[in-house]
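The values are calculated or read from the model by the stated rules, or taken from the named source; none is laboratory data. Only a predicted model underlies this, so the values are computations on that prediction, with no experimental measurement involved. Because the Cβ atoms are built from the backbone with ideal geometry, glycine has one as well, and the counts that use them run over all protein chains shown. Note: areas computed on protein heavy atoms with side chains; ligands, DNA, RNA excluded. Shrake-Rupley method; radii C 1.70, N 1.55, O 1.52, S 1.80 Å.
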Amino acid sequence: MKLTNYLGDKPFWRVALRLALPVSIQNVLSSSFQLVDTMMVSRLGDVVLSAVGMAAQWGWLCMLLGFGLCSGMSVFVSQYWGVKDLKGIRRVLGMGLLSCLVVSFVFLGIALASPRWVIGLFNKDAAVIEAGSRYLSIVCFSYPAIALMNVLSTVLRNTERVKLPMYVAAITTVVNAFVDYGLINGAFGMPRMGVAGAALATCISSWLGPILVLIFSAVEKNILTGPLRELTRFGLKNFGAFCARALPVMCNEGLWALGILVLNMVYSNMGYEYYAGMTIFKTFSELAFAFYVGMGNACVIMVGKSIGSGKIQRGVEDARRFSVLVPLLGVFIGAVVILLRRPLVSIFSTGETLSALTLETALAVTVLCSAEVCLRNVAYVQVVGVFRSGGDTLTGMLFDLGALWLVSIPLTLLAANVLHLPFLAVVAVAYLGEDIPKSILCLRHFRSMKWLRPVTPEGQAGLEAWRGKKK
């Protein structure tokens, strides 16, 4: 048994790093939006920090639904890219833009019409609802911009133009930090707006992203600059095929996100100081997660491109390598985060506006979740990287939702509301209750090879030939 079969050889790493690093850097920069908001808002106290964290959950649900649609797009774009079907890619881009914008405007409308109702889903404290609704009623205007940016970035990444989204993310991150500080604190001649300023800064920098992508794309004439008519040249048959792959992923991400919101409601109702601690952990954990997203995206491109062009054996070999490497990366990054937990948490404690309980919670949750992330990555790389790139978007949805809704949520409700376990124990039940059964199911499905479901004629012919050799 060769070690390169599981850890990769030089050609594998050359391509994987070329694809993964720019995506990881882009996601680190994008995650810093929330990091900057959280760092600056934390100076306004526990109540405001908790309120912003709860308001962000609504945008996170919208973003995950969009991510689901973009993941469905990736199935087509990566496999079409394998056979250089540019018209097919632009057709998928048109369907993706339409779908994601509809979803984002629905969330915008609800947040704008009933911001207090949305915040009230997470906490009934009057001060929390007041601060959260002020933030949400402004930040909701960033949702269509984020949807546009995600769709455009998905197409660019899956056609191996991974650097452009990274460059744009770098620019918007700097703009966000500058405007954030100015509008929250009244610096640089800007009005002092407090928590509303953080929301407005997010809107400004979010809309700058897709505008810059389209400007740079026009200059370099990439895949996004084809004839406009190719974006709308799809019929019911095309849209039906798109929905058949994209809707399971969208339902997966949406219902999974809804389940996470249920868990967050459990956490927040145990006390806003606990939830403020969770908000701190989630803020910098998103930065760590960016590296897993980069590897997952490289997996989608490499495996999907190989399967779409009929090179099934190569796709399977690369899928096996990513299945080992992403959990190992979790071990390494998790250990680093645990070692650096005190300096990381201390970033948010300047000004002594946060309580000791909030900071202690952040430290404890960081240790628990960073130690567990290796297990979480086993399922993550299978569902998001392997199964979807192979064309199987349904099985991952069943595993994701079954583990969350049938195991994790019931056990967490039992732990919090019946057994009245400590906060950290409740979080442990929630995480392990989801990740243990899901990882076992995903590994069994990977070994069965039933996730190989190409969408191109070349891929389908290659799969038949590959299966013939296996007999």
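Here is how the numbers come out for the structure above:
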quantity: Test: residue in the stretch 238-250 that is surrounded by 15 or more Cβ atoms within 10 Å (Cβ to Cβ), at pLDDT below 75 and of a type in the set (Gly, Ala, Ser); calculated: yes
quantity: Conditions (1) touching an Asp or Glu at 6+ places or on another chain (Cβ under 6 Å); (2) within 18 Å of Asn264 (Cα to Cα); (3) open to solvent by 60 Å² or more (accessible area, probe 1.4 Å): number failed by Leu414; calculated: (1)
quantity: Scan of the stretch 70-94 for residues that are open to solvent by less than 20 Å² (accessible area, probe 1.4 Å), among the hydrophobic types (A, V, I, L, M, F, W, C) and over 12 Å from the mean Cα position of the chain (by Cα), ordered by number; calculated: Met73, Val75, Phe76, Val77, Ile89, Val92, Leu93
quantity: Scan of the stretch 393-408 for residues that are crowded, with 21+ Cβ neighbours inside 10 Å, in contact (Cβ under 8 Å) with a residue 40 or more places away in the chain and not hydroxyl-bearing (Ser, Thr, Tyr), ordered by number; calculated: Gly396, Met397, Phe399, Asp400, Leu404
quantity: Every residue from the stretch 90-117 that is more than 16 Å from Gly254 (Cβ to Cβ) and either without any contact (Cβ under 8 Å) to a residue 12 or more places away in the chain or among the aromatic types (Phe, Trp, Tyr) (or both); calculated: Leu98, Gly109, Ala113, Ser114, Trp117
quantity: Residue check, Ile280 under 30 Å from His420 (Cβ atoms), touching a residue at least 40 places away in the same chain (Cβ under 8 Å) and aliphatic (A, V, I, L, M); calculated: yes
quantity: Those residues of the stretch 275-296 which are modelled with pLDDT of 80 or more and of a type in the set (S, T, N, Q), in sequence order; calculated: none
quantity: Extreme residue, surrounded by the most Cβ atoms within 10 Å (Cβ to Cβ), among residues of the stretch 218-237 that are outside any loop (DSSP other than H, G, I, E, B) and without any contact (Cβ under 8 Å) to a residue 60 or more places away in the chain; calculated: Thr225
quantity: Wholly within the stretch 279-386, helices (runs of 4 or more DSSP H) carrying at least 1 residues that are crowded, with 24+ Cβ neighbours inside 10 Å and more than 18 Å from the chain's Cα centre (by Cα); calculated: 312-339, 356-380
